[in-house]
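Any read-out appearing in this document is the output of simple, stated calculations on the displayed coordinates, not a laboratory observation. Remember, predicted model here, so these are calculated numbers, not experimental data. Note: ideal-geometry Cβ built from the backbone for every residue, glycine included; neighbour counts use all protein chains shown.
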Amino acid sequence: MIEVRKGGNPFGSHRVIEPKGVLPQPASRIDNSMDRIWDNEILVDVDILNIDSASFTQIKEKTKDDVEAIKKEILSIVSSQGKMKNPVTGSGGIFIGTVSKVGDALQGKIDLKPGDRIASLVSLSLTPLNIEEIIEIKKDIDQVIVKAKAILFETGLYAKLPADIPPSLSMAVLDVCGAPAQTQRLVKKDDTVVIIGAGGKSGILCAYMAKQQAGPNGKVIGIEFNDQNIAILKSLNLCDEVVKLDATNALACYEMINDLTSGKMADVVINNVNIPNTEMGTILMCRHRGIAYFFSMATSFTKAALGAEGVGKDIDMLVGNGYAVGHAELALSILRESKEIRKIYEELYS
Ligand code: NAP
């Protein structure tokens, strides 16, 4: 029997245990009890977690890729915080599951009912999560098969899973759906665009969108360090140039883009890597008054802000807001438009 309470805060602050007075994302511990919910919450039976890549990469490094140790680490984070917020990267991921209960205060306000299959579009770093069992760690695709329950707050975003795309593939794309949406907004006709981590999950979607926006006279340059992902990126033919570069090597990045653009540098640089210390490479590849978009969760605000100042770069730097209106539909539409991307993503993420 689930006890239902009234008077929950729309942003979920009623579940914050400590520190008092903050919202669920910055909180160090939130209430993840599932036998007592508020009438403005949605209770979901969760079957897959998609841990965001910066977080999963850090956990894999810490645990030396050992599956049992990864399980332990995830369970330990969730049991101490009531949510899956990586204490090092501060980032989360998303879940997919089946709606179990929609609170009375939300009836008639939202289009969900018990039995609907959804993906959360707000971060696991703020989502109350209670894991009963970890069934499998799919460490190559950052997904964790679980028996768990989660809560979506009144302001929590979600997407109903589409019928024409397998759930784990939808989830993989929805995890990063803010990136192609922001790329669509930022890239203009004839722009030169550099995408770092271009052969990864969000990088490919951004490259597709950047090429569409920049058009035939624009130039999309993909930077990637992983040989397999370079091969995938080249096979997709989305970039005018694909270069193997370590994005932590800022000077090498600068020199390469200086050569490829005859000194003009990039109008827009999009950072999609999963590792720290790529701020300076991003900044140096950007032209005067250009735009650097940091989608990566391994970005340090301090390093970017002080670094740009330190090299005298007057550029606009954008924090990677994971949300843009219509972002989920836009990302899924890429899978419907591009048979080539869909085929590769089905092989990788289904
Ligand atoms: P991904 O699939 O792991 O892609 C990252 C790519 O960068 C991979 O191909 C990776 O290679 C490559 N890379 C790693 N080190 C590199 C280096 N030194 N130089 C150049 N490339 C390098 O990650 P994703 O799922 O697309 O996510 C990208 C980033 O977005 C992550 O930081 C993730 O946490 C973040 N994210 C942000 C939001 C948001 O709301 N802003 C939401 C979700 C995710 P390997 O495969 O060899 O590592």
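State yes or no: is residue 335 under 23 Å from residue 208 (Cα atoms) and not basic (Lys, Arg)?
Yes: the conditions hold for residue 335.
Would you mind telling me which numbered condition in (1) in contact with a Cys (Cβ under 8 Å, 6 or more places away or on another chain); (2) touching a residue at least 40 places away in the same chain (Cβ under 8 Å); (3) over 30 Å from residue 88 (Cα atoms) residue 211 fails?
Residue 211 satisfies every listed condition except (2).
Residue-wise test of (1) of a type in the set (Phe, Trp, Tyr); (2) more than 12 Å from the ligand (Cβ to nearest atom); (3) not in a loop (DSSP other than H, G, I, E, B).
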site	(1), (2), (3)
239	no, yes, no
243	no, no, yes
246	no, no, no
263	no, yes, no
268	no, yes, yes
289	no, yes, yes
298	no, no, no
304	no, yes, yes
308	no, yes, yes
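Only one of 265, 256 is on the phi > 0 side of the Ramachandran plot and crowded, with 20+ Cβ neighbours inside 10 Å; which?
265
Please find, within the stretch 51-73, the residue that is nearest to the ligand (Cβ to nearest atom) out of those that are more than 13 Å from residue 297 (Cβ to Cβ), buried (at least 17 other Cβ atoms within 10 Å of the Cβ) and of a type outside the set (A, V, I, L, M, F, W, C).
Top of the filtered list is 60.
Out of the stretch 27-50, which residues are within 16 Å of the ligand (Cβ to nearest atom) and within 12 Å of residue 127 (Cα to Cα)?
The first filter runs over the stretch 27-50 and keeps only residues within 16 Å of the ligand (Cβ to nearest atom), leaving 48-50.
Answer for the stretch 27-50, where residues must be within 16 Å of the ligand (Cβ to nearest atom) and within 12 Å of residue 127 (Cα to Cα): just 49.
From 200, 178, which residue is within 14 Å of the ligand (Cβ to nearest atom), of a type outside the set (A, V, I, L, M, F, W, C) and closer than 16 Å to residue 327 by Cβ?
178
Among the listed residues 296, 300, which satisfies the condition of being among the small types (Gly, Ala, Ser) and farther than 22 Å from residue 256 by Cβ?
Sole residue among the options that is among the small types (Gly, Ala, Ser) and farther than 22 Å from residue 256 by Cβ: 300.
May I ask you to verify whether residue 322 is in contact (Cβ under 8 Å) with a residue 12 or more places away in the chain, crowded, with 21+ Cβ neighbours inside 10 Å and either not in a loop (DSSP other than H, G, I, E, B) or not aromatic (Phe, Trp, Tyr) (or both)? Steps first, please.
On the way: in contact (Cβ under 8 Å) with a residue 12 or more places away in the chain: yes; crowded, with 21+ Cβ neighbours inside 10 Å: yes; either not in a loop (DSSP other than H, G, I, E, B) or not aromatic (Phe, Trp, Tyr) (or both): yes.
Criteria met by residue 322.
Among residues belonging to the stretch 211-234 that are within 14 Å of the ligand (Cβ to nearest atom) and assigned to a helix (DSSP H, G or I), point out the one that is surrounded by the most Cβ atoms within 10 Å (Cβ to Cβ).
Among residues in the stretch 211-234 that are within 14 Å of the ligand (Cβ to nearest atom) and assigned to a helix (DSSP H, G or I), the one surrounded by the most Cβ atoms within 10 Å (Cβ to Cβ) is 233.
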